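*Asks:* Pasting a structure below so you can have a look.
The values are calculated or read from the model by the stated rules, or taken from the named source; none is laboratory data. What you see is a predicted model; the values in this text were computed from it and never measured. Glycine also receives a Cβ, built like all others from the backbone with ideal geometry; neighbour counts cover every protein chain displayed. Just so you know, the surface numbers come from the protein's heavy atoms only, side chains and all, with ligands and any DNA or RNA stripped out. Shrake-Rupley method; radii C 1.70, N 1.55, O 1.52, S 1.80 Å.
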Amino acid sequence: MARTCEVALPLPLRTTFTYSVPEALDESTVNGARVVVPFRNRAMLGVVLGRSDNPDGASLKNVTEIIDPLPALSPRLIELARWISNYYLSPIGETLRAMLPPSIEVQFDREWQISEAGGARLRDLRSLTAPNEAESADLAVLQKLDSRGSTVPERVLYKLPGGSAAATRLLRRGELIVQESGRHRTARTQKIVAWRALAAPAAPRPAEQRIHRVLVESAGVLPLASLLKAAHVSGSVVQRLVKEGRLVVSEEALTPEHARLATDLLPPVNSLNTDQTRVVEAIRGRLQTRAFHPALLHGVTGSGKTEVYLCAVEETFARGRTAIILVPEIALTLWIGNICRARFGDAVAVLHSGLSDQERAREWWRVRRQEVQVVVGTRSAVFAPLENLGLIVVDEEQESSYKQEEAPRYHGRDVALIRAKLEGAVALLGSATPSLESYHRAREGKYELLCLGSRVENRPMAEVRIADLREDFRRTHKADPISQDLRSAIARELAAGRQSIVLINRRGYSWFALCRSCGAAILCENCSIALTYHKKRGRLACHYCGFSRTVPRICPKCNSEHIYFVGAGAEQVEEHLRALFPQARIARLDRDAVRRKGAFGQVLNAFGAGNIDILVGTQMVAKGHDFHGVTLVGVASADAQLGFPDFRAAERTFQLLTQVAGRAGRGALKGEVIVESYHPEHYAIQLAARQDYVSFFERELHFRRLMRYPPFVALASVLVRGTKVEKAIQWSRQIEGFFESQKAQEIKLLGPAAAPLSRLKGEYRFQFLLKSTRRAPLNRILNKCLAFCAEKEIPDRAILIDVDPVNLL
């Protein structure tokens, strides 16, 4: 009877694989451990999910290696992964991959060799007198492999002209063989220099004296590179002193530096007001029960929700338990992370995708070794391997960025609730503008509703004015990037020495380029969407697939020279403000302006220190930031989202306007907000101006009830995609026939129809929407759909199922 284990591999396959466990690895092969196993012609990293005895184990492949002395995933995290895999219909291996740290210990290399068919192909290609481009590339690859006479690393082939495409072609025809092997990465090290204790410096040698002085000032040891620079000596001097026995050189692992704390940040000392005290007392009572309890903290902008979170974390620590704080944007991890570190010291770890693989792995393993008590991070930090978890905070719980748009398509907020349930923890969702689903559950009593109805220190809410752009055009007969009202308000604030924020939720300089002769927009080659103009780069770019091109001099369709740029983006608003206010200090905060690592924090720190007068930005500036010097917020093109083909368009518009309005007047001075709109009468604009969430909730809920949308139904999207439109249509018709054959009364089917973005990244897309009054029937029919697709040999990659979608484009 052979010992075996069940292993999940990071593949889009809804199954696990069984491997034999060698006797030498038997004790360390435990559930949750990462293992290296052979799969087809390559080595892969997988996770052990179970152990058993198998009479046929001798015929199975062996586990090659155990990576971790401590299992990476705890039993509760594995249970959570199984729930995600079942609920979101994601392969278990891909789910576990999302939960694990980057694999920095093992590197998998692909090696290529020529097959017998490849040898015959090589002889044929050598006989050609005028090979075409593809044949020349194939010939170069085959000749390289033939000359080596053994396996060749992939990087060698890919350096050849057309090598990547040629290798793929030859592999598909069986003329190449590829295999993958895993090897341990060599840890980066640095040389450390120390002065031998009994060796005295020789006085006549100035270089030796300098080295001795620098080492004494550095507590006796220093990295070699730093020593050479500080002492102004060459490496040969150090080598001579090592030979003479005066210096000792050793090596140590080079690890990434810890993220620096803001040097001027002190732990905030805030006394709680009556509302905050009441909320903290309620949370304290729930923590004492050590049982699962979901709560929604609805607090107006500036009401002190962050201080409540920190007090809740302190209460959690006092009971010997740990905490996770989730935020929707990487930018907010910088702010919340610094506040937590200032308050809790080294007990804090920060996890997000903006860190390098080495940084993320270091922080992740600090958490796994229980060296920290609180984790701050974005969506994936919900999987932080903390033990004895007592509290999960989800800040700005309504944000769509908590939903992952690639497999596994989980929602961080909902996974946080399930993890809190498994751990017996408190789940605290917080927002000034909760999602309709969360607020509806709170009103029904499924969540405890906690409220903060006023700003801290009784500061008044910002006054909101709506600027009607239709009237602005009648007065000025111009369509400038910002209205006359906003321009005058900015000038007033600058004269008074106060700061302003201008939100324009559009990247780039202009929305798109249009031919004024034929009316054609310049589209992306891979997607059914117009390209955005970026003036600084001098290019038109697609924000979905990354395709870009130069701006054409003439229209590609009619050869007209009349190319016109439509709409204003953040780049144009910044340029316009610089022209209007040349003396002002202006910065822009969007994905294009802060590409360099650390640039985001630099801009925010400069603005917070008062070194920037006007900050222009996309929704990055709208959430969570606490700038006491800001007295004016302007919102350009506030109603841009209202035209989106999405039932949540009004909700997202209301949330964005309310959130950005909350950035004004957070200090001693009263704030003002100017909202520009072509549809000032729309209820989302009007109620956002009044910052009346409850009235908006009631009106929007009525619409959702009439149209049968969440929270009254469960929603799922089935997207069919293919590089050939005929195939995508054929598969859509087959799936339509399957759904019609089921005839489930609880489920309403919409589609198939072309998706709003009918072509994306070179694939044609058709969409089904399924609405169900109960989740169980919806889950069953989706699982049956996947089985039907497998039976009809519809490729797994062609079907994309999204449960509880937040993006229907």
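*Asks:* Residues in region 668-684: is at least one open to solvent by less than 50 Å² (accessible area, probe 1.4 Å), under 30 Å from ARG797 (Cα atoms), touching a strand residue (DSSP E or B) at 6+ places or on another chain (Cβ under 9 Å) and in contact (Cβ under 8 Å) with a residue 40 or more places away in the chain?
*Replies:* no
*Asks:* When region 121-171 is examined, which residues are found to be among the β-branched types (Val, Ile, Thr) and either at pLDDT below 85 or over 19 Å from ASP109 (Cβ atoms) (or both)? Talk me through it step by step, then tell me what you get.
*Replies:* Residues of region 121-171 that are among the β-branched types (Val, Ile, Thr), as a first pass: 129, 141, 151-152, 156, 168.
THR129, THR151, VAL152, VAL156, THR168, listed by residue number.
*Asks:* Having 2 or more residues that are touching a residue at least 24 places away in the same chain (Cβ under 8 Å) and of a type in the set (Val, Ile, Thr) is the bar; report the strands (runs of 3 or more DSSP E) wholly within region 425-489 that clear it.
*Replies:* 463-468
*Asks:* Could you check PRO680 against (1) out of contact with any helix residue (DSSP H, G or I) (no Cβ under 8 Å at 6 or more places or on another chain); (2) part of a loop (DSSP other than H, G, I, E, B) and say which number it fails?
*Replies:* (1)
*Asks:* Looking only at strands (runs of 3 or more DSSP E) that fall completely inside region 499-560, which ones have 1 or more residues that are aliphatic (A, V, I, L, M) and more than 30 Å from HIS628 (Cβ to Cβ)?
*Replies:* In region 499-560, 512-515, 539-541 are the strands (runs of 3 or more DSSP E) which contain 1 or more residues that are aliphatic (A, V, I, L, M) and more than 30 Å from HIS628 (Cβ to Cβ).
*Asks:* Answer yes or no: is there a residue in region 80-100 that is over 25 Å from TYR410 (Cβ atoms) and hydroxyl-bearing (Ser, Thr, Tyr).
*Replies:* First pass over region 80-100, keeping only residues over 25 Å from TYR410 (Cβ atoms): none.
No: region 80-100 contains no residue that is over 25 Å from TYR410 (Cβ atoms) and hydroxyl-bearing (Ser, Thr, Tyr).
*Asks:* Can you list residue pairs whose Cβ atoms sit under 8 Å apart, with the first residue in region 365-385 being of a type in the set (Gly, Ala, Ser) and the second being assigned to a loop (DSSP other than H, G, I, E, B)? Count only pairs 6 or more apart in sequence or on different chains.
*Replies:* Short answer, once both residue conditions are applied: GLY377/VAL327; GLY377/HIS352; GLY377/ALA384; SER380/HIS352; SER380/SER353; ALA381/HIS352.
*Asks:* Quick one: which residue in GLU763, GLU793 is out of contact with any Pro (no Cβ under 8 Å at 6 or more places or on another chain) and on the phi > 0 side of the Ramachandran plot?
*Replies:* When all the criteria are applied, what remains is GLU793.
*Asks:* Moving on. Can we say HIS702 is closer than 28 Å to GLY567 by Cβ and over 31 Å from the mean Cα position of the chain (by Cα)?
*Replies:* No, not satisfied.
*Asks:* Return the total of residues in region 639-653 being in contact (Cβ under 8 Å) with a residue 60 or more places away in the chain and within 25 Å of ALA664 (Cβ to Cβ).
*Replies:* Result for region 639-653: 4.
*Asks:* Additional query: Can you confirm whether region 172-181 contains a residue that is part of a helix (DSSP H, G or I) and either modelled with pLDDT under 85 or touching an Asp or Glu at 6+ places or on another chain (Cβ under 6 Å) (or both)?
*Replies:* Looking through region 172-181, at least one residue is part of a helix (DSSP H, G or I) and either modelled with pLDDT under 85 or touching an Asp or Glu at 6+ places or on another chain (Cβ under 6 Å) (or both).
*Asks:* Being under 30 Å from LEU809 (Cα atoms) and out of contact with any Pro (no Cβ under 9 Å at 6 or more places or on another chain) narrows it down to one of ARG506, ARG470, ARG474, so name that one.
*Replies:* ARG506
*Asks:* Next question, about the same structure. So ALA714 ticks every box in (1) modelled with pLDDT under 95; (2) in contact with a Lys or Arg (Cβ under 6 Å, 6 or more places away or on another chain); (3) small (Gly, Ala, Ser) but one. Which box is left unticked?
*Replies:* (1)
*Asks:* I need a count of the residues in region 791-807 that are surrounded by 18 or more Cβ atoms within 10 Å (Cβ to Cβ), in a loop (DSSP other than H, G, I, E, B) and not acidic (Asp, Glu).
*Replies:* Selection size over region 791-807: 3.
*Asks:* Name the residue that is least open to solvent (accessible area, probe 1.4 Å), counting only residues in region 140-165 that are of a type in the set (Ser, Thr, Tyr) and outside any helix (DSSP H, G or I).
*Replies:* Taking region 140-165 first, the residues of a type in the set (Ser, Thr, Tyr) are 147, 150-151, 158, 164.
Okay, now just the ones that are also outside any helix (DSSP H, G or I), so 150-151.
On the way: SER150: 65, THR151: 45 Å².
The extreme case among them is THR151.
*Asks:* Here's a follow-up. Please determine, by comparing only the residues of region 524-541 that are under 24 Å from TYR764 (Cβ atoms) and in contact with a strand residue (DSSP E or B) (Cβ under 6 Å, 6 or more places away or on another chain), which one is surrounded by the fewest Cβ atoms within 10 Å (Cβ to Cβ).
*Replies:* So the residue we want is SER528.
*Asks:* Quick test for you: out of SER488, SER435, pick the one residue that is small (Gly, Ala, Ser), at pLDDT 90 or above and under 28 Å from TYR309 (Cβ atoms).
*Replies:* That would be SER435, the only listed residue that is small (Gly, Ala, Ser), at pLDDT 90 or above and under 28 Å from TYR309 (Cβ atoms).
*Asks:* Which ones in region 298-316 are touching a strand residue (DSSP E or B) at 6+ places or on another chain (Cβ under 6 Å) and under 24 Å from GLU463 (Cα atoms)?
*Replies:* Listed by number, the residues that qualify are HIS298, GLY299, SER303, LYS305.
*Asks:* Among GLU314, GLU359, GLU363, GLU307, which is the only one that is of a type in the set (Asp, Glu), open to solvent by 10 Å² or more (accessible area, probe 1.4 Å) and either in a strand (DSSP E or B) or more than 27 Å from ARG455 (Cα to Cα) (or both)? Quick ask: steps written out before the conclusion?
*Replies:* Details: GLU314 fails: either in a strand (DSSP E or B) or more than 27 Å from ARG455 (Cα to Cα) (or both); GLU363 fails: open to solvent by 10 Å² or more (accessible area, probe 1.4 Å); GLU307 fails: either in a strand (DSSP E or B) or more than 27 Å from ARG455 (Cα to Cα) (or both).
It is GLU359.
*Asks:* Does ASP613 satisfy the criteria of being over 23 Å from PRO680 (Cβ atoms), in contact with a Ser or Thr (Cβ under 8 Å, 6 or more places away or on another chain), modelled with pLDDT of 85 or more and surrounded by fewer than 23 Cβ atoms within 10 Å (Cβ to Cβ)?
*Replies:* Against the criterion (over 23 Å from PRO680 (Cβ atoms), in contact with a Ser or Thr (Cβ under 8 Å, 6 or more places away or on another chain), modelled with pLDDT of 85 or more and surrounded by fewer than 23 Cβ atoms within 10 Å (Cβ to Cβ)), ASP613 qualifies.
*Asks:* Here is a further query. Kindly list the number of the only condition in (1) part of a helix (DSSP H, G or I); (2) touching a Lys or Arg at 6+ places or on another chain (Cβ under 7 Å); (3) modelled with pLDDT of 95 or more that fails for VAL694.
*Replies:* (2)
*Asks:* Quick one: which residue in LEU656, LEU632, LEU642, LEU669 is assigned to a helix (DSSP H, G or I) and over 23 Å from the mean Cα position of the chain (by Cα)?
*Replies:* Being assigned to a helix (DSSP H, G or I) and over 23 Å from the mean Cα position of the chain (by Cα) holds for just one of LEU656, LEU632, LEU642, LEU669, which is LEU642.
*Asks:* Just to check your reading of the model, which residue among LEU715, LEU706, LEU719, LEU701 is open to solvent by less than 40 Å² (accessible area, probe 1.4 Å) and either under 21 Å from ASN505 (Cβ atoms) or assigned to a helix (DSSP H, G or I) (or both)?
*Replies:* LEU701
*Asks:* Would you check which residues across region 638-662 are surrounded by 24 or more Cβ atoms within 10 Å (Cβ to Cβ) and not polar (S, T, N, Q) and list them?
*Replies:* ALA638, PHE654, LEU657, VAL660, ALA661, GLY662
*Asks:* Within the bounds of region 729-738, is there any residue that is in contact with a Phe, Trp or Tyr (Cβ under 7 Å, 6 or more places away or on another chain), under 24 Å from GLU437 (Cβ atoms) and surrounded by 15 or more Cβ atoms within 10 Å (Cβ to Cβ)?
*Replies:* No: region 729-738 contains no residue that is in contact with a Phe, Trp or Tyr (Cβ under 7 Å, 6 or more places away or on another chain), under 24 Å from GLU437 (Cβ atoms) and surrounded by 15 or more Cβ atoms within 10 Å (Cβ to Cβ).
*Asks:* Does ASP626 count as within 18 Å of GLU329 (Cβ to Cβ), acidic (Asp, Glu) and in contact (Cβ under 8 Å) with a residue 12 or more places away in the chain? Steps first, please.
*Replies:* Details: within 18 Å of GLU329 (Cβ to Cβ): yes; acidic (Asp, Glu): yes; in contact (Cβ under 8 Å) with a residue 12 or more places away in the chain: yes.
Here the answer is yes, as ASP626 does meet what is asked.
*Asks:* For region 745-790, what are the residues that are in contact (Cβ under 8 Å) with a residue 60 or more places away in the chain and part of a strand (DSSP E or B)?
*Replies:* PRO756, LEU757, SER758, ARG759, LEU760, LYS771
*Asks:* Let me ask something else about it. Report whether or not GLU79 is acidic (Asp, Glu) and under 30 Å from THR151 (Cα atoms). Explain how you work it out, then say what you get.
*Replies:* Numbers: acidic (Asp, Glu): yes; under 30 Å from THR151 (Cα atoms): no.
No; evaluated as a whole, the condition is false for this residue.
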